[in-house]
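No lab work stands behind these numbers, since they all come straight from the coordinates. This is a predicted model, so every value here is computed, not measured. Methodologically, a virtual Cβ is constructed for each residue, glycine included, from the backbone with ideal geometry; neighbour enumeration extends over all protein chains shown.
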Amino acid sequence: MAKTVEPPVLMSRILAFVLATAVVVLGCLVFTLMKMMPLERPEVFFLYTPTRSANVVIEPLVPNSNNKIALNNYKEGFVREYVIARNTLYATPGMTRKNWSRIVKPWSSNEVFSKMVKTPIYKEFALSDQLPNISCNVNFSSPNNDKPVLKMNNDTYHVKFTWVCKNSGGQTTQKNYKIQIRIKSDLDEKISGTLENLEKLRDNPLGIQVVQYDILDGRGDPLDSDTASW
């Protein structure tokens with residue numbers, strides 16, 4: 001006569017298997033979280049008030065031993081994202097213009113953005129949808145393993161990147177750039193007012209802006225390039 005497993009025994013074995021699986025999954029999650037610590041790129045959440053007419057007071061973030069590293073990492077990440085957004089050209093001009101208006105403009109001082117508006121590529125993308133099929137990307141990798149974003153002093157950064165452009169024929173051109181960026185935060189002082197007046201902070205929660213953007217290697221601004229020669 002074949003042996004059979006009693007229901008209570010079968011149930012206990014199933015529960016033991018489920019428990020063992022849960023322990024393994026939990027262990028994997030704990031190991032993954034430990035590998036992610038410390039978090040180097042904090043995400044900023046903006047708190048909205050119930051009514052737009054309510055008065056809002058935003059206090060400056062005072063660096064201390066607990067948040068200084070996180071703040072420095074956030075600023076370095078901001079610089080990297082700014083360089084990518086400013087110099088990335090999509091094959092679809094509308095996507096490039098959207099990138100410039102939603103990211104670069106609120107992240108730039110009026111003086112810095114006004115200089116960018118005068119560049120040939122900005123004018124070309126702003127005035128026409130009938131452009132050559134050209135795309136350009138920013139590459140921060142370095143053969144010498146140099147740090148691409150290096151903080152100098154007073155919120156001034158030196159950034160090295162390779163501008164990689166490809167035309168419709170598959171031809172690729174690369175140019176290396178070194179630029180100097182200086183940033184400033186609107187939140188260095190207390191800001192108060194209604195939510196409606198502070199709406200500009202929606203796309204830039206910490207109020208950080210690029211107030212200086214200079215090319216250091218003599219190549220000129222990437223956006224000064226002539227797309228017709230590509």
### Query
Across segment 156-173, in residue order, what do the Karplus-derived ³J(HN,Hα) couplings come to in whole Hz, using 6.51 cos²θ - 1.76 cosθ + 1.60 with θ = phi - 60° and x for Gly and Pro?
10, 10, 9, 10, 10, 8, 10, 9, 10, 10, 10, 9, 5, x, x, 6, 10, 10
### Message
For a 30 Å ceiling on Cα separation, which of these pairs sit above it: Lys68/Lys123; Lys151/Lys175; Lys118/Lys184; Lys98/Lys166?
### Response
Lys68/Lys123
### Summary
Taking 12-23, 78-89, 206-217 and ranking on average Cβ neighbours within 10 Å, highest first, one gets 78-89, 206-217, 12-23
### Message
Starting from the Kirkwood Rh over alpha-carbon pairs, what translational D in µm² s⁻¹ does segment 72-175 have by Stokes-Einstein at 4 °C and 1.567 mPa s?
### Response
87
### Message
Ranking request for peptides 169-176, 147-154: highest mean number of other beta-carbon atoms within 10 Å first, then the rest in descending order.
### Response
147-154, 169-176
### Task
Tell me the label-point distance for the pair Ser192, Thr21, using the 7 Å Cα-to-Cβ offset, in nm and rounded to one decimal.
5.8
